[in-house]
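Have a look at the structure below, then the notes.
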Amino acid sequence: MIHERFKTLRKELGLTQQEFAERINLRRNSIAQIELGYRNPSGAVLALICKTFNVNETWLRTGEGEMFAKAPTDIMAVLLLFLFPT
């Protein structure tokens with residue numbers, strides 16, 4: 001379930017609920033509610049988490065695939081990341 005993956009990700013990143021919340025501009029209470037399954041994260045929150053922490057959105061939504069998105073190997077993708085860091 002997504003709330004379990006949410007918590008797993010936060011712990012893998014070594015962040016407290018407060019630190020995780022601050023990085024994605026949410027309140028700690030919102031993170032706690034999501035992790036307990038009382039609330040579902042919005043699509044915007046999921047997209048922000050994926051962008052901020054380089055998370056594979058498919059994994060976050062479904063549990064399929066790897067937790068983190070693969071680093072770009074294409075030279076143009078690397079250049080774009082260098083020029084426009086997230």
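Candidates are the residues of region 25-54 that are under 11 Å from the mean Cα position of the chain (by Cα) and β-branched (Val, Ile, Thr); the one that is least open to solvent (accessible area, probe 1.4 Å) is ILE49. Of all the listed residues (ILE49, ILE24, ILE31), the sole one being in contact with a Pro (Cβ under 8 Å, 6 or more places away or on another chain), of a type outside the set (Asp, Glu) and modelled with pLDDT of 95 or more is ILE49. Put simply, of ARG23, ARG28 the only residue that is farther than 14 Å from ARG5 by Cα, in contact with a Leu (Cβ under 9 Å, 6 or more places away or on another chain) and free of Cβ contacts under 8 Å to residues at least 40 places away in the same chain is ARG23.
The values are calculated or read from the model by the stated rules, or taken from the named source; none is laboratory data. Note that the structure is a prediction, hence the values are computed from the model and not measured. Please note: Cβ atoms are built from the backbone with ideal geometry, for glycine as well, and neighbour counts cover all protein chains shown. Heads up: the accessible areas ignore ligands, DNA and RNA and are worked out on the full protein's heavy atoms, side chains in. Shrake-Rupley method; radii C 1.70, N 1.55, O 1.52, S 1.80 Å.
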